[in-house]
Amino acid sequence: MNQISCKNSRGEIVPVPRDKFFFRPSVYGFIVSGGRVVTMRNKGNGKLWFPGGGVEVGERMEDALRREIREETGLEVEIGELVLCRENFFYYDPLDEAYHAFLFFFRCAVRSEKLKGDDLVDDLESETPRWSEITSIREEDIGDLAADIHGALNSL
């Protein structure tokens, strides 16, 4: 297998040479409060996604999740149980990088619900943090791994 089929940032399936891939553990938060969850918009495809990102070498998953959530939303969170874990192959066009990713989604609670302003979000992939009613999120609103994520959201 010299090439691996994977999704790019626009949701298209593309073949990528195997030697371009990096292992990437990543963590994401389902930050919930009163039937709502914090969502972000993916810059590449406009779909919903959740605060989080890559775990750096030597960084604990919980520390990475707190860091990513703070950078993207301004929120301080308490991390709860692991809700969903999935493997994914992803090509990130803007950086010409491919990832064999392991995604860990945790339920999180907040101390304060005040999100940072859109102009303060410092992230290559995500923008516009918002509180969204969980029941209003449809599977087709979600970017990658939509069926699994939608199912996990509805079990929160």
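Computed from the coordinates by the stated procedures, all read-outs in this text should not be read as laboratory data. This is a predicted model, so every value here is computed, not measured. Don't worry about glycine lacking a Cβ; one is built from the backbone with ideal geometry, like all the others, and counts go over all protein chains shown.
One table, with the values for the structure above:
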read-out: Spin-label zone in the stretch 56-100 - amide nitrogen under 20 Å from a point set 7 Å from the Cα of Asn154 along the C-beta vector; value: 83-86
read-out: Between 0 and 90°, nearest 10: helix 61-73 axis offset from the chain longest Cα axis; value: 70 degrees
read-out: Separation in nanometres of the label points that stand 7 Å from Cα toward Cβ, at Arg111 and Asn2; value: 5.5 nm
read-out: Cβ-Cβ FRET estimate between Arg18 and Glu133, R0 fixed at 41 Å, reported to 0.05; value: 0.50
read-out: Lysine pairs within the stretch 1-155, Cα separation less than 19 Å, 8 or more sequence positions apart or different chains; value: 4
read-out: Cβ charges +1 (Lys, Arg) and -1 (Asp, Glu), total dipole of the chain, debye; value: 240 debye
read-out: Whole-number percent relative contact order across the chain, with pairs defined as alpha carbons under 8 Å at least 6 apart; value: 29 percent
read-out: Positive-end residue of Met40, Leu84, Gly29, charge dipole of the chain with Cβ unit charges; value: Leu84
read-out: Centroid-to-centroid separation of the stretch 44-61 and the stretch 3-27 [C-alpha atoms, Å]; value: 15 Å
